[in-house]
Amino acid sequence: MVVITCLSNVATQVGVGRILGGSKFHYPVGRPELPPEEELRWRVGLVEKGLAALETPVKEPKIF
């Protein structure tokens with residue numbers, strides 16, 4: 001499991017194994033200030049990074 005959040009310190013404290021830094025508190029998987037095409041590219045990149053994190057073995061919380 002990969003948790004996408006802007007509160008990585010909280011995710012670490014509760015023991016989440018794979019933590020992916022998101023954008024902002026209200027939009028962890030979005031960047032509404034970007035034009036739609038750029039936001040889509042950003043989101044695709046975030047998902048690709050999350051998939052790569054899933055393939056990485058972890059024994060303790062790790063921020064990607």
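Coordinate-derived values only; no laboratory data. Note that the structure is predicted; figures quoted are calculated from it, not measured. As a convention, Cβ positions derive from the backbone with ideal geometry for all residues, glycine included, and neighbour counts pool all protein chains shown.
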- Semi-axes in Å, largest first, for the chain (Cα gyration tensor, √(5λ)) are 23, 14, 5
- Note on the structure: Output ordering of 30-37, 14-21 (per-residue mean of other Cβ within 10 Å, highest first) is 14-21, 30-37
- Full extension between VAL10 and HIS26 adds, at 0.36 nm per residue less the Cα distance, a length in nm of 4.2 nm
- Task: Would you pull out the residues with amide H under 5 Å of LEU20's amide H, same chain only if 5 or more places away, H placed 1.01 Å from N?
- Result: VAL3, ILE4, THR5, PHE64
- Item | Residue-wise HN-Hα coupling along the stretch 29-41, computed from phi with Karplus coefficients 6.51, -1.76, 1.60 (Hz; x: Gly, Pro) | 10, x, 9, x, 6, 8, x, x, 5, 5, 5, 4, 4
- Item | Per-residue ³J(HN,Hα) for the stretch 12-27, Karplus 6.51 cos²θ - 1.76 cosθ + 1.60, θ = phi - 60°, Hz, x for Gly and Pro | 5, 5, 8, x, 5, x, 10, 10, 10, x, x, 7, 10, 4, 7, 9
